[in-house]
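Reviewing the structure listed below.
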Amino acid sequence: MTQDNKLSLAEKYWDYFKIGAAVNVNDFSGIQGELLKTHFNSITAENAMKFGEIHPEEDRYDFEKADAMKTFAKSNNILMRGHTFVWHNQTSNWVFTDKNGREASRELVLERLTQHVKIICDRYKDIVYAWDVVNEAIEDKSGQQYRETAWRRILGADYIQTVFEIVKAQDRKAALVYNDYNNEHPEKLEKTCHMLEILLKNGTPVDSVGIQAHWNIRDISLIDNLKRAIERYAALGLKIQVTEMDVSMFDFNDRRNDLKLPTDEMLELQAQVYDDIFSVFRQYKEHVTSVTFWGISDAYTWKDNFPVFGRKDWPLLFNVSGAKKAAFDRVVDFYE
Ligand code: HXH
């Protein structure tokens, strides 16, 4: 319950899906901490569990931040999502390099990954209900299916299946997720379904598709694309997790960086877009198992300075002071 005696976000969505936020260790106290405890029942480390952060050198793990998250989660009845094992970014180069400084062999990288997954799963699987096993493996360029990464080059064309099997062997309970951005866009949706069909045909233990949901208030095709994507993924027998949601005030190609505050028009449009999106999530609650925001409040978001340097963004449900925005009210304002 919130201070004004209204249901929190997670309470309101109790019979629908988990409500999560991406967090950093400084979010566990103060206003951000209160928002987390009140409104969320799932957290994802924005960075702390990425390969390069938690395992920066072959013989050195840095568990400090991830452990602090687990402690906070445990004492507040919150579960965690594990993000992420195999990704082309934020992975240390040592993983792909042998002792002579040359590219590591398939065997060596497999051994390192298996060991890494085992250590992370042993430490966190009691609180992690879903792993982003592979992140962003589909190529954006038209006509090309897979992103060319060190993982793929070294482990081979069937590496995605191999990686899911490695994680499954260490954690038989958690949902195993393939996570990506723009995978509700028609062309990337087709590529993703193509990949998933092959994985499923080969018996790969993939349970869910992660829709990152880095969206914006100007995308007029969003709702249609989203419905179609959920239906396609559900038809493959997969669940959907919305893993990194935010609704930016700016179209991706908007280069303005002079705005100090969001305009009333932006805030109202954002509220409308959030309203429409959550109606779709509720409509498909049989398939959608979690919705995570990529941040807590507009006080901090990865969208600040990205992709436009010097630009502030306001993509979340709470404002820079931690107060509910119009978008929050619309997301919880339903009777079903
Ligand atoms: C996510 N990537 C990551 O999963 C998450 O770990 C990180 O903290 C933030 C966002 C989203 C992303 C994808 C592509 C990208 C930037 C961010 O760069 C491009 C975007 C569009 C077109 C080309 C590149």
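Here are some notes:
- Condition met for SER92 (open to solvent by 70 Å² or more (accessible area, probe 1.4 Å) and either away from the ligand (no atom under 16 Å from the Cβ) or under 17 Å from ILE119 (Cα atoms) (or both)): no
- Note on the stretch 59-75: residues that are within 16 Å of the ligand (Cβ to nearest atom) and either open to solvent by less than 20 Å² (accessible area, probe 1.4 Å) or in contact with a Cys (Cβ under 9 Å, 6 or more places away or on another chain) (or both) total 2.
- Looking only at residues in the stretch 301-320 that are in contact (Cβ under 8 Å) with a residue 60 or more places away in the chain and more than 15 Å from MET266 (Cβ to Cβ), the one that is nearest to the ligand (Cβ to nearest atom) is TRP302.
Condition check ((1) within 16 Å of the ligand (Cβ to nearest atom); (2) free of Cβ contacts under 8 Å to residues at least 24 places away in the same chain; (3) outside any helix (DSSP H, G or I)) across all residues:
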| site | (1), (2), (3) |
| --- | --- |
| THR114 | no, no, no |
| LYS141 | yes, yes, yes |
| TYR178 | yes, no, yes |
| ASN183 | yes, no, yes |
| THR204 | no, no, yes |
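- Those residues of the stretch 234-271 which are within 17 Å of GLU184 (Cα to Cα), surrounded by fewer than 17 Cβ atoms within 10 Å (Cβ to Cβ) and within 14 Å of the ligand (Cβ to nearest atom), in sequence order: ASP251, PHE252
- Single condition LEU155 does not satisfy, out of (1) surrounded by fewer than 18 Cβ atoms within 10 Å (Cβ to Cβ); (2) more than 21 Å from the chain's Cα centre (by Cα); (3) of a type outside the set (Val, Ile, Thr): (1)
- Every test in (1) within 22 Å of GLN161 (Cα to Cα); (2) open to solvent by less than 30 Å² (accessible area, probe 1.4 Å) is passed by MET80 save one, and that test is (1).
- Here the stretch 204-231 is the region considered, the condition is being of a type in the set (Val, Ile, Thr) and open to solvent by less than 60 Å² (accessible area, probe 1.4 Å), and the residue that is farthest from ASN253 (Cα to Cα) is THR204.
- Residue satisfying condition, being closer than 30 Å to ASP304 by Cα and away from the ligand (no atom under 15 Å from the Cβ), within set LEU199, LEU226, LEU155: LEU226
- Residue selected from the stretch 167-203 under the condition surrounded by 22 or more Cβ atoms within 10 Å (Cβ to Cβ) and β-branched (Val, Ile, Thr), by the criterion farthest from TYR146 (Cα to Cα): VAL167
Conditions tested, residue by residue: (1) closer than 19 Å to LEU108 by Cα; (2) free of Cβ contacts under 8 Å to residues at least 12 places away in the same chain; (3) among the aliphatic types (A, V, I, L, M); (4) more than 15 Å from the ligand (Cβ to nearest atom).
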| site | (1), (2), (3), (4) |
| --- | --- |
| LYS50 | no, no, no, no |
| ILE54 | no, no, yes, no |
| GLU57 | yes, no, no, yes |
| ASN77 | no, no, no, yes |
| HIS83 | no, no, no, no |
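- Looking only at the stretch 125-138, and only at residues there that are among the charged types (D, E, K, R) and within 11 Å of the ligand (Cβ to nearest atom), the one that is most open to solvent (accessible area, probe 1.4 Å): GLU136
The values are calculated or read from the model by the stated rules, or taken from the named source; none is laboratory data. Just so it is clear, the structure is predicted and the values come from calculations on it, not from any experiment. Cβ atoms come from the backbone with ideal geometry, glycine included; neighbour counts cover every protein chain shown. Quick note on the areas: whole protein, heavy atoms, side chains included, nothing else; ligands and nucleic acids left out. Shrake-Rupley method; radii C 1.70, N 1.55, O 1.52, S 1.80 Å.
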